[in-house]
Amino acid sequence: MSAKKPTRTVPFFNYPSVFREDEKQLIAIISDVARRGAYILQKENEQFERNLAEYIGAKYVLGMANATDALHLAVRAAGIGPGDEVIFSSHTMVATPAAAYFAGATPVPVDCGADHLIDPTAVEKAITSRTRAIMPTQLNGRTADMDALRAIAGEHGLLIIEDSAQALGSRFKRQAAGTFGIAGCVSFYPAKTLGSLGDGGCLITNDENIYNSVRLMRDHGRDETGEVVCWGLNSRLDNLQAAILDYKLARYDQYIERRRQIAAMYQEALEDVDQLVLPPPPSNDSDHFDIYQNYEIEADDRDALRLHLQEKGVGTLVQWGGKAVHQFVKLGFEQRLPYTERLFERLLMLPMNTSLTDEDVDYVCDAIRQFYVCRSHTAAA
């Protein structure tokens, strides 16, 4: 492998671009909100919630401090607590099971499938008399097989609460992620497809009781008069972030289209590399509309490939430090999930964001192909 200075630098995510791409407009929004002193639960928040609910096709959206809080308060609002079990895919961020754990419930990890999403067969095998809910993660911008999960939930009388933090606008059979169960969540972390300039998230629900309960709990349990009517937290979406997000939401379909273009470019350039398993391409499956929050591949010689790309100036990421949730031993899980564990030895995320140029994508693909060509020549020698 060459030790020469890379001819191009392609960061995994270009954080300054979140601001710079719309700098003039964002400065105007910040100035307007700040000059009015409209910081907490003002009209921008309400407007963003309405517009996002319409975009998703949901009855209710509640802006919140982050997606983890949204998921946690949804679990509490659903009445899930001590003695209950919640099934989740171990191929997820620790925030997913934490939402159940801090409600007093027991999170139960199961294997993912070949699509990197929760495996319905594994879910069914994990159900016990204590199981109350299934918590699928709509990972990397793809929605799981919700027909299968809803059939299992219906048969066993279980709730579905979706961790759709990475899946705003993703659809399964034309229905939006976050709307299949009793509640869902979305993250507005800066690197997300709809990113703010800080932390942020929202709750999605079609259930009026869940909406009313979480609306109180996100603001210290206070009703419209300021009376405290239940125990709550401080988890309000900052109004400045809401104004920024509402501006970006009007352009969101353009962001998704660009990500799908990049995914198609990766597919065309790398589909014949036998050492890789790529995500499904944008046109592969009429049941799924993927937004490509991440572009997660499986790769032979993953660690060596990652080092090669680093030397070429290409940033990559192994999600969550290369461990599934159940592999964090201090969390106390005893399950062994062979498929997921093998998968985590191969997973690698390539750059996927709207700051990428076509030339950037070509450079990444050329570097990957070069790596495997060199490997093949070395093996042949």
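The values are calculated or read from the model by the stated rules, or taken from the named source; none is laboratory data. Only a predicted model underlies this, so the values are computations on that prediction, with no experimental measurement involved. In this analysis, Cβ positions are derived from the backbone assuming ideal geometry, glycine residues included, and neighbour counts consider all displayed protein chains. Ligands, DNA and RNA are stripped out before the accessible areas are found, and what is left, the full protein with its side chains, is counted by its heavy atoms. Shrake-Rupley method; radii C 1.70, N 1.55, O 1.52, S 1.80 Å.
Would you mind working out the magnitude of the charge dipole of the chain relative to its Cα centre, with +1 at each Lys and Arg C-beta and -1 at each Asp and Glu C-beta, to the nearest 20 Debye?
Dipole size: approximately 740 debye.
Go ahead and run the numbers for FRET between residue 128 and residue 285, Cβ-Cβ distance against an R0 of 30 Å, rounding to 0.05.
0.35
When the accessible area of the stretch 229-381 is computed with all protein chains present and a 1.4 Å probe, what percentage of it is carbon and sulfur?
Of the solvent-accessible surface of the stretch 229-381, carbon and sulfur hold 48 percent.
Label points 7 Å out from Cα along the Cβ direction at residue 21 and residue 114: separation in nm?
3.3 nm
With +1 assigned to the C-beta of every Lys and Arg and -1 to the C-beta of every Asp and Glu, and no other charges, what is the dipole magnitude of the stretch 248-381 about the Cα centre in debye, to the nearest 20?
600 debye
Measuring from label point to label point, each 7 Å out along Cα→Cβ, what is the residue 247 to residue 268 span in nm?
3.3 nm
With every protein chain present, what is the per residue accessible area of the stretch 198-261 (1.4 Å probe, Å²)?
That works out to 47 Å² per residue.
Please give the contour-minus-distance gain from residue 7 to residue 225: 0.36 nm per residue of separation, less the Cα-Cα distance, rounded to one decimal in nm.
In short, 72.4 nm is gained.
Which is farthest toward the positive dipole end of the stretch 31-108 among 62, 101, 33, measuring Cα position about the Cα centre, with Cβ charges +1 (Lys, Arg) and -1 (Asp, Glu)?
33
Which of 100, 304, 58 moves the most in a Gaussian network model of the chain with Cα springs under 10 Å?
Of the options given, 304 has the highest mean-square fluctuation.
Could you state the number of Å between the C-alpha centres of the stretch 151-181 and the stretch 95-125?
Computed from Cα coordinates, the inter-centre distance equals 13 Å.
For the ranges 149-157, 32-40, 165-173, what's the packing order if you count other beta-carbon atoms within 10 Å of each residue, average per peptide, and put the highest first?
Descending mean neighbour count gives 165-173, 149-157, 32-40.
Explain nothing, just the number: dipole magnitude of the stretch 129-288 about its Cα centre with +1 on each Lys and Arg Cβ and -1 on each Asp and Glu Cβ, in debye rounded to the nearest 20.
Its charge dipole is roughly 220 debye.
Short version: ³J(HN,Hα) in whole Hz for each residue of the stretch 247-254, in order, from phi by Karplus 6.51 cos²θ - 1.76 cosθ + 1.60 (θ = phi - 60°), x for Gly and Pro, what are they?
Couplings: 4, 6, 4, 5, 10, 5, 4, 5 Hz.
Among residues other than residue 305 whose Cβ falls under 13 Å from its Cβ, what is the net charge (Lys/Arg +1, Asp/Glu -1)?
0
So what is the relative contact order of the stretch 182-271, in percent, for Cα pairs below 8 Å that sit 6 or more residues apart?
Relative contact order for the stretch 182-271 comes out at 22 percent.
Taking only protein heavy atoms and a 1.4 Å probe, what accessible area per residue, in Å², does the stretch 289-349 have with all protein chains in place?
Dividing the accessible area of the stretch 289-349 by its residue count gives 47 Å².
Would you list which lysines come within 24 Å of residue 5, measuring only between C-alpha atoms, while excluding same-chain residues fewer than 8 positions from it?
312
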